[in-house]
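Here's the structure we're looking at; comments come further down.
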Amino acid sequence: MIGAIIGDIAGSVYEFDNIKTEDFELITESSFFTDDTVLTVATADCILNNGNFAAYYRDYFKRYPGRGYGAMFSQWGQSGSTKPYNSFGNGSAMRVSPVGFAFDDIETVLEIAKKSAECTHNHKEGIRGAQAVAACIFAARKKADKQKIKETAEKLGYNLDFKLDEIRFYYCFDETSQGSVPQAIAAFLESKSFESTIKKAISLGGDSDTIACIAAGIAEAYYGVPDSLKKQALAKLDCRMVSVIEEFYNRYL
(Lines give C-alpha, C1' and ligand atoms only; values in the text may rest on other atoms or scores of the structure.)
Protein backbone atom coordinates (compact mmCIF):
# COMPACT_ATOMS: atom_id res chain seq x y z
CA MET A 1 0.00 0.00 0.00
CA ILE A 2 2.77 2.48 0.81
CA GLY A 3 4.15 1.74 -2.65
CA ALA A 4 0.96 3.00 -4.28
CA ILE A 5 1.09 6.12 -2.11
CA ILE A 6 4.70 6.80 -3.12
CA GLY A 7 3.73 6.41 -6.77
CA ASP A 8 0.87 8.87 -6.35
CA ILE A 9 3.03 11.45 -4.61
CA ALA A 10 5.82 11.07 -7.17
CA GLY A 11 3.39 11.52 -10.06
CA SER A 12 1.39 14.35 -8.51
CA VAL A 13 3.34 17.21 -10.08
CA TYR A 14 3.29 15.61 -13.54
CA GLU A 15 -0.43 14.77 -13.93
CA PHE A 16 -1.12 18.01 -15.77
CA ASP A 17 2.48 18.72 -16.76
CA ASN A 18 3.52 15.45 -18.37
CA ILE A 19 7.13 14.44 -18.94
CA LYS A 20 8.40 11.76 -21.32
CA THR A 21 11.66 10.96 -19.58
CA GLU A 22 12.82 8.86 -16.65
CA ASP A 23 15.35 11.48 -15.61
CA PHE A 24 13.73 13.16 -12.60
CA GLU A 25 13.71 13.08 -8.81
CA LEU A 26 10.94 10.89 -7.41
CA ILE A 27 9.75 12.99 -4.46
CA THR A 28 10.47 16.69 -4.14
CA GLU A 29 9.34 19.56 -1.95
CA SER A 30 6.57 20.26 -4.47
CA SER A 31 5.19 16.70 -4.43
CA PHE A 32 1.88 16.10 -2.70
CA PHE A 33 -0.70 13.38 -2.14
CA THR A 34 -3.87 13.29 -4.24
CA ASP A 35 -7.20 11.50 -4.18
CA ASP A 36 -5.34 8.30 -5.07
CA THR A 37 -3.67 8.27 -1.66
CA VAL A 38 -6.80 9.37 0.19
CA LEU A 39 -8.90 6.55 -1.22
CA THR A 40 -6.13 3.96 -0.90
CA VAL A 41 -5.96 4.71 2.82
CA ALA A 42 -9.77 4.63 2.94
CA THR A 43 -9.68 1.13 1.44
CA ALA A 44 -7.18 0.00 4.08
CA ASP A 45 -9.22 1.58 6.87
CA CYS A 46 -12.37 -0.14 5.63
CA ILE A 47 -10.65 -3.54 5.53
CA LEU A 48 -9.24 -3.04 9.03
CA ASN A 49 -12.73 -2.35 10.38
CA ASN A 50 -14.70 -4.74 8.17
CA GLY A 51 -16.65 -1.73 7.00
CA ASN A 52 -18.70 -0.61 4.03
CA PHE A 53 -16.57 0.68 1.17
CA ALA A 54 -19.06 3.30 0.03
CA ALA A 55 -19.31 4.75 3.52
CA TYR A 56 -15.54 4.90 3.96
CA TYR A 57 -14.95 6.48 0.55
CA ARG A 58 -17.55 9.14 1.21
CA ASP A 59 -16.16 9.83 4.70
CA TYR A 60 -12.59 10.25 3.40
CA PHE A 61 -13.82 12.41 0.53
CA LYS A 62 -15.30 14.80 3.10
CA ARG A 63 -12.25 14.64 5.40
CA TYR A 64 -9.81 15.45 2.59
CA PRO A 65 -11.50 17.87 0.20
CA GLY A 66 -9.90 19.30 -2.91
CA ARG A 67 -7.51 16.44 -3.63
CA GLY A 68 -8.26 16.06 -7.33
CA TYR A 69 -11.29 13.78 -7.22
CA GLY A 70 -12.99 13.02 -10.52
CA ALA A 71 -16.16 14.93 -11.34
CA MET A 72 -18.45 11.90 -11.11
CA PHE A 73 -16.92 10.75 -7.83
CA SER A 74 -17.26 14.26 -6.40
CA GLN A 75 -20.93 14.38 -7.34
CA TRP A 76 -21.44 10.97 -5.77
CA GLY A 77 -19.56 11.96 -2.62
CA GLN A 78 -21.59 15.11 -2.17
CA SER A 79 -24.95 13.60 -3.03
CA GLY A 80 -25.30 11.07 -0.24
CA SER A 81 -26.50 8.55 -2.85
CA THR A 82 -25.80 4.88 -2.19
CA LYS A 83 -26.06 4.02 -5.88
CA PRO A 84 -22.98 3.47 -8.06
CA TYR A 85 -22.63 5.48 -11.26
CA ASN A 86 -21.37 2.86 -13.73
CA SER A 87 -17.88 4.34 -14.01
CA PHE A 88 -15.12 2.68 -16.00
CA GLY A 89 -12.54 5.19 -14.78
CA ASN A 90 -9.22 4.18 -13.24
CA GLY A 91 -10.29 5.26 -9.74
CA SER A 92 -11.26 1.74 -8.74
CA ALA A 93 -7.79 0.47 -9.71
CA MET A 94 -5.78 3.20 -8.00
CA ARG A 95 -7.39 2.64 -4.59
CA VAL A 96 -7.39 -1.18 -4.52
CA SER A 97 -3.82 -2.06 -3.50
CA PRO A 98 -4.63 -2.85 0.17
CA VAL A 99 -6.90 -5.66 -1.03
CA GLY A 100 -4.00 -7.41 -2.74
CA PHE A 101 -1.98 -7.28 0.47
CA ALA A 102 -4.65 -8.16 3.04
CA PHE A 103 -6.06 -11.49 1.87
CA ASP A 104 -4.46 -14.88 1.43
CA ASP A 105 -6.34 -16.55 -1.41
CA ILE A 106 -7.02 -15.30 -4.91
CA GLU A 107 -10.76 -15.94 -4.72
CA THR A 108 -11.12 -13.59 -1.76
CA VAL A 109 -8.84 -11.01 -3.36
CA LEU A 110 -11.02 -10.94 -6.49
CA GLU A 111 -14.23 -10.85 -4.47
CA ILE A 112 -13.14 -7.98 -2.21
CA ALA A 113 -11.60 -6.07 -5.12
CA LYS A 114 -14.96 -6.30 -6.88
CA LYS A 115 -16.76 -5.01 -3.78
CA SER A 116 -14.33 -2.11 -3.43
CA ALA A 117 -14.95 -1.15 -7.05
CA GLU A 118 -18.65 -1.66 -7.58
CA CYS A 119 -19.89 0.79 -4.96
CA THR A 120 -18.95 3.45 -7.53
CA HIS A 121 -17.31 1.77 -10.53
CA ASN A 122 -19.84 -0.95 -11.31
CA HIS A 123 -19.06 -0.95 -15.04
CA LYS A 124 -17.32 -4.19 -16.07
CA GLU A 125 -14.14 -2.28 -16.95
CA GLY A 126 -14.08 -0.53 -13.57
CA ILE A 127 -14.37 -3.89 -11.85
CA ARG A 128 -11.81 -5.51 -14.15
CA GLY A 129 -9.25 -2.81 -13.40
CA ALA A 130 -9.56 -3.24 -9.64
CA GLN A 131 -9.45 -7.03 -9.84
CA ALA A 132 -6.44 -7.08 -12.15
CA VAL A 133 -4.36 -4.77 -9.97
CA ALA A 134 -5.26 -6.61 -6.76
CA ALA A 135 -4.57 -9.98 -8.40
CA CYS A 136 -1.16 -8.83 -9.69
CA ILE A 137 -0.23 -7.62 -6.20
CA PHE A 138 -1.36 -10.92 -4.72
CA ALA A 139 0.68 -12.87 -7.30
CA ALA A 140 3.76 -10.75 -6.59
CA ARG A 141 3.30 -11.30 -2.85
CA LYS A 142 3.26 -15.03 -3.48
CA LYS A 143 6.62 -14.79 -5.29
CA ALA A 144 5.29 -15.26 -8.80
CA ASP A 145 7.71 -14.24 -11.53
CA LYS A 146 6.89 -11.45 -13.98
CA GLN A 147 5.61 -13.84 -16.65
CA LYS A 148 3.08 -15.28 -14.18
CA ILE A 149 2.07 -11.79 -13.09
CA LYS A 150 1.58 -10.82 -16.74
CA GLU A 151 -0.55 -13.92 -17.27
CA THR A 152 -2.60 -13.02 -14.20
CA ALA A 153 -3.62 -9.73 -15.80
CA GLU A 154 -4.14 -11.32 -19.21
CA LYS A 155 -6.52 -13.90 -17.75
CA LEU A 156 -8.69 -11.00 -16.63
CA GLY A 157 -8.81 -9.70 -20.18
CA TYR A 158 -5.92 -7.28 -20.66
CA ASN A 159 -3.62 -7.29 -23.69
CA LEU A 160 -0.06 -6.68 -22.51
CA ASP A 161 1.74 -7.48 -25.75
CA PHE A 162 3.28 -4.04 -26.18
CA LYS A 163 6.36 -2.15 -25.01
CA LEU A 164 6.42 1.27 -23.38
CA ASP A 165 8.74 2.57 -26.09
CA GLU A 166 6.08 1.71 -28.67
CA ILE A 167 3.41 3.87 -27.07
CA ARG A 168 5.25 6.62 -25.16
CA PHE A 169 5.38 9.13 -28.03
CA TYR A 170 1.63 9.22 -28.64
CA TYR A 171 0.23 8.14 -25.27
CA CYS A 172 -1.77 10.93 -23.66
CA PHE A 173 -4.15 11.57 -20.78
CA ASP A 174 -6.61 8.70 -20.41
CA GLU A 175 -8.38 8.25 -17.10
CA THR A 176 -10.31 5.16 -18.16
CA SER A 177 -9.43 1.88 -16.56
CA GLN A 178 -8.88 0.16 -19.90
CA GLY A 179 -6.69 3.04 -21.06
CA SER A 180 -4.35 3.21 -18.07
CA VAL A 181 -4.30 -0.03 -16.08
CA PRO A 182 -2.53 -2.09 -18.80
CA GLN A 183 0.03 0.69 -19.21
CA ALA A 184 0.68 0.74 -15.47
CA ILE A 185 1.13 -3.02 -15.34
CA ALA A 186 3.49 -2.82 -18.34
CA ALA A 187 5.59 -0.22 -16.52
CA PHE A 188 6.07 -2.69 -13.68
CA LEU A 189 6.82 -5.58 -16.04
CA GLU A 190 9.59 -3.61 -17.77
CA SER A 191 11.12 -2.30 -14.55
CA LYS A 192 14.28 -3.38 -12.76
CA SER A 193 13.49 -1.92 -9.33
CA PHE A 194 10.80 -0.21 -7.31
CA GLU A 195 12.13 3.21 -8.30
CA SER A 196 12.41 2.37 -11.99
CA THR A 197 8.78 1.18 -11.99
CA ILE A 198 7.61 4.63 -10.94
CA LYS A 199 9.90 6.42 -13.37
CA LYS A 200 8.74 4.28 -16.28
CA ALA A 201 5.09 4.82 -15.35
CA ILE A 202 5.46 8.60 -15.13
CA SER A 203 7.53 8.75 -18.32
CA LEU A 204 4.49 7.63 -20.30
CA GLY A 205 2.68 10.87 -19.58
CA GLY A 206 -1.08 10.67 -19.26
CA ASP A 207 -2.67 10.39 -15.83
CA SER A 208 0.78 10.26 -14.25
CA ASP A 209 -0.06 10.03 -10.56
CA THR A 210 -2.59 7.25 -11.05
CA ILE A 211 -0.48 5.19 -13.46
CA ALA A 212 2.44 5.45 -11.03
CA CYS A 213 0.18 4.63 -8.09
CA ILE A 214 -1.07 1.44 -9.74
CA ALA A 215 2.35 0.33 -10.99
CA ALA A 216 4.07 1.03 -7.68
CA GLY A 217 1.51 -0.95 -5.72
CA ILE A 218 2.53 -4.03 -7.70
CA ALA A 219 6.21 -3.10 -7.48
CA GLU A 220 6.01 -2.93 -3.69
CA ALA A 221 4.79 -6.52 -3.52
CA TYR A 222 7.54 -7.64 -5.92
CA TYR A 223 10.58 -5.58 -4.91
CA GLY A 224 9.77 -4.06 -1.53
CA VAL A 225 10.11 -0.32 -0.86
CA PRO A 226 13.28 1.59 0.10
CA ASP A 227 13.05 3.01 3.62
CA SER A 228 14.13 6.46 2.43
CA LEU A 229 11.11 6.71 0.12
CA LYS A 230 8.77 5.45 2.84
CA LYS A 231 9.96 8.21 5.14
CA GLN A 232 9.62 10.88 2.47
CA ALA A 233 6.10 9.77 1.60
CA LEU A 234 4.86 9.43 5.19
CA ALA A 235 6.15 12.94 5.91
CA LYS A 236 3.64 14.24 3.34
CA LEU A 237 0.67 12.68 5.16
CA ASP A 238 -1.23 13.62 8.30
CA CYS A 239 -1.23 11.66 11.55
CA ARG A 240 -4.56 9.99 10.87
CA MET A 241 -3.38 8.50 7.57
CA VAL A 242 -0.06 7.40 9.05
CA SER A 243 -1.90 5.69 11.91
CA VAL A 244 -4.11 3.71 9.50
CA ILE A 245 -1.10 2.70 7.41
CA GLU A 246 0.84 1.53 10.46
CA GLU A 247 -2.13 -0.46 11.77
CA PHE A 248 -2.63 -2.08 8.36
CA TYR A 249 1.00 -3.16 8.11
CA ASN A 250 1.06 -4.41 11.69
CA ARG A 251 -1.98 -6.58 11.07
CA TYR A 252 -1.45 -7.85 7.54
CA LEU A 253 2.24 -7.50 6.69
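Would you pick out the residues in the stretch 9-23 that are part of a loop (DSSP other than H, G, I, E, B), in contact with a helix residue (DSSP H, G or I) (Cβ under 7 Å, 6 or more places away or on another chain) and under 21 Å from Ser228 (Cβ atoms)?
Glu22
Go through Leu39, Leu26 for me and flag whichever is surrounded by 17 or more Cβ atoms within 10 Å (Cβ to Cβ) and in a loop (DSSP other than H, G, I, E, B). Walk me through how you get there before you give the answer.
On the way: Leu39 fails: in a loop (DSSP other than H, G, I, E, B).
One residue alone meets the criteria, Leu26.
Could you tell me whether any residue of the stretch 139-157 is modelled with pLDDT of 95 or more, in contact with a Phe, Trp or Tyr (Cβ under 7 Å, 6 or more places away or on another chain), part of a helix (DSSP H, G or I) and closer than 21 Å to Asp36 by Cβ?
Yes, there is a match, as at least one residue in the stretch 139-157 is modelled with pLDDT of 95 or more, in contact with a Phe, Trp or Tyr (Cβ under 7 Å, 6 or more places away or on another chain), part of a helix (DSSP H, G or I) and closer than 21 Å to Asp36 by Cβ.
I'd like the residue in the stretch 180-212 that is in contact (Cβ under 8 Å) with a residue 40 or more places away in the chain, of a type in the set (Gly, Ala, Ser) and outside any helix (DSSP H, G or I) and, out of all such residues, is nearest to Ile27 (Cα to Cα).
Gly205
If you check Ala44 against the conditions, is it touching a Gly at 6+ places or on another chain (Cβ under 8 Å) and either assigned to a helix (DSSP H, G or I) or in contact (Cβ under 8 Å) with a residue 24 or more places away in the chain (or both)?
Spelling it out, it is not the case that Ala44 is touching a Gly at 6+ places or on another chain (Cβ under 8 Å) and either assigned to a helix (DSSP H, G or I) or in contact (Cβ under 8 Å) with a residue 24 or more places away in the chain (or both).
Considering only the stretch 109-135, state which residues are of a type outside the set (A, V, I, L, M), free of Cβ contacts under 8 Å to residues at least 60 places away in the same chain, surrounded by 23 or more Cβ atoms within 10 Å (Cβ to Cβ) and part of a helix (DSSP H, G or I).
Gly126, Arg128, Gly129, Gln131
Among the residues of the stretch 83-108, write down those that are part of a helix (DSSP H, G or I) and either small (Gly, Ala, Ser) or under 13 Å from Ala153 (Cα atoms) (or both).
Gly91, Ser92, Ala93, Ser97, Gly100, Ala102, Ile106
The values are calculated or read from the model by the stated rules, or taken from the named source; none is laboratory data. None of the values given here were measured: they were computed from a predicted structure. Glycine also receives a Cβ, built like all others from the backbone with ideal geometry; neighbour counts cover every protein chain displayed.
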